[in-house]
Amino acid sequence: MSQPPAFAVPLLAWFDRHGRHALPWQHPRTPYRVWLSEIMLQQTQVATVVPYFLRFVEAFPTLPDLAAASTDAVMAHWAGLGYYARARNLHAAAKRCVELHGGELPRDFDALHALPGIGRSTAGAILAQAWGDRFPILDGNVKRVLARWHGVAGWPGTPAVEKRLWTLAEAHVAEVPDGRMADYTQAQMDFGATQCTRAAPACLTCPVRDGCTAVREGLVDALPTPRPGKVLPEREAVALLLENVRGELLLQRRPPSGIWASLWTLPQAETGAELRQWFELEIDGDYDAAEELPMIVHTFSHYRLHLQPRRLRKVAPRDRVGDNEAQRWVTRAELASLGLPAPIRRLLEAL
């Protein structure tokens with residue numbers, strides 16, 4: 001029988017010439033920095049992540065530093081990166097590492113996988129890049145590459161297709177030369193992000209095209225099979241930008257789950273009637289005098305939000321209402337130290 005075409009070795013040769021070798025989490029490449037980068041890179045491009053990563057490790061240079069930080073400090077350094085559950089899980093996992101693993105990430109797949117926010121692929125990526133252990137990864141880029149190279153039909157989000165792709169990813173790990181697992185893991189991500197891209201992949205210069213089923217059978221544009229179409233729901237909400245006579249702004253902390261979880265944002269409700277009812281209970285002022293500001297349209301993964309902010313100045317809290325854990329008046333200078341959703345921060349900075 002003829003040997004199947006090689007995948008890992010030519011991919012590594014391509015990586016040596018064209019891969020990304022100067023990313024900040026590669027120098028130094030520590031378990032903590034690798035973990036942080038992997039969480040930040042989930043559903044976010046490298047160019048976006050780099051400045052956030054640099055600011056984050058400056059503020060929290062070690063895992064114990066992150067574990068000891070306040071929620072506000074962590075969310076302030078994450079704000080704008082999106083998918084805020086990642087930051088909450090990162091913080092919770094750091095605390096658990098201090099409690100259970102001596103302030104270090106465990107070099108054990110099951111222990112890593114048990115930490116908040118670390119799935120199978122992320123655990124494998126940490127072990128492979130931080131310690132050179134032989135574990136596969138299967139992020140979006142790798143799913144696309146393997147689906148094309150092996151001709152795997154079906155949306156990769158279905159359990160059956162994903163199971164097939166994991167089996168293939170594990171098989172390719174066995175091809176990797178000793179001492180090259182960190183490079184191979186990065187090579188897969190780089191190759192999918194820059195060469196075997198979703199649209200217009202560079203098949204003519206592909207280092208593994210000779211073994212690619214999609215190239216051979218003319219299926220490059222058809223694979224991976226796209227997710228079944230889904231119309232994104234539209235939702236509406238109203239927010240109040242309230243200023244007291246000192247120019248301080250009223251912010252509320254969002255619940256620990258749901259959109260913008262644990263971030264500080266403006267008082268908000270789904271309807272104007274609900275917001276008016278809250279205002280009349282909490283604030284001394286004329287709700288109807290509020291000035292309408294430009295509509296904010298923000299797309300989440302599962303719906304699109306149309307948020308109508310209204311501004312009202314020189315208001316005051318009613319006598320029984322004061323600062324608490326979920327509500328506070330802040331100066332504009334304090335905004336930089338708080339975790340705010342990116343569209344709310346942009347709104348406040350523009351006024």
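The values are calculated or read from the model by the stated rules, or taken from the named source; none is laboratory data. These numbers come from a predicted model, not from an experiment. Because the Cβ atoms are built from the backbone with ideal geometry, glycine has one as well, and the counts that use them run over all protein chains shown. What goes into the accessible areas is simple: the full protein's heavy atoms, side chains included, and nothing from ligands, DNA or RNA. Shrake-Rupley method; radii C 1.70, N 1.55, O 1.52, S 1.80 Å.
So here's what we get for this one:
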| item | result |
| --- | --- |
| Condition broken by ALA111, with the remaining ones in (1) under 20 Å from THR30 (Cβ atoms); (2) in a loop (DSSP other than H, G, I, E, B); (3) open to solvent by less than 50 Å² (accessible area, probe 1.4 Å) satisfied | (2) |
| Only listed residue being out of contact with any Lys or Arg (no Cβ under 6 Å at 6 or more places or on another chain), surrounded by 15 or more Cβ atoms within 10 Å (Cβ to Cβ) and of a type in the set (Val, Ile, Thr), chosen from VAL238, VAL231 | VAL238 |
| Hits in the range 294-337 - residues which are at pLDDT below 90 and part of a loop (DSSP other than H, G, I, E, B) | PHE300, SER301, HIS302, TYR303, ARG318, ASP319, ARG320, VAL321, GLY322, ASP323, GLU325, ALA326 |
| All positions within the range 36-75 that are buried (at least 17 other Cβ atoms within 10 Å of the Cβ) and either on the phi > 0 side of the Ramachandran plot or in contact with a Gly (Cβ under 8 Å, 6 or more places away or on another chain) (or both) | ILE39, TYR52, LEU63, PRO64, ALA67, VAL74, MET75 |
| Any pair with Cβ under 6 angstrom, 6 or more apart, that starts in the range 249-271 at a residue that is within 23 Å of TYR287 (Cβ to Cβ) and charged (D, E, K, R) and ends at one that is at pLDDT below 90 and in a loop (DSSP other than H, G, I, E, B) | ARG253/ALA326; ARG254/TRP260; ARG254/ALA261 |
| Residues located in the range 241-255, provided they are open to solvent by 10 Å² or more (accessible area, probe 1.4 Å) and over 24 Å from the mean Cα position of the chain (by Cα) | GLU243, ASN244, VAL245, ARG246, GLY247, GLU248 |
| Complete set of residues in the range 119-134 that are open to solvent by less than 10 Å² (accessible area, probe 1.4 Å) and either part of a loop (DSSP other than H, G, I, E, B) or β-branched (Val, Ile, Thr) (or both) | ILE126 |
| Every pair of residues 6+ apart whose Cβ atoms lie under 9 Å, when the first sits in the range 76-96 and is in contact (Cβ under 8 Å) with a residue 24 or more places away in the chain and on the phi > 0 side of the Ramachandran plot while the second is aliphatic (A, V, I, L, M) and surrounded by fewer than 17 Cβ atoms within 10 Å (Cβ to Cβ) | GLY80/ALA342; GLY82/ALA342 |
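Listed here are the residues, each with its yes/no results for (1) open to solvent by 20 Å² or more (accessible area, probe 1.4 Å); (2) basic (Lys, Arg); (3) at pLDDT below 95; (4) closer than 12 Å to LEU11 by Cα.
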| residue | (1), (2), (3), (4) |
| --- | --- |
| ARG164 | yes, yes, no, no |
| THR167 | yes, no, no, no |
| GLU170 | yes, no, no, no |
| ARG180 | yes, yes, no, yes |
| TYR184 | no, no, no, yes |
| GLN188 | no, no, no, yes |
| CYS203 | yes, no, no, no |
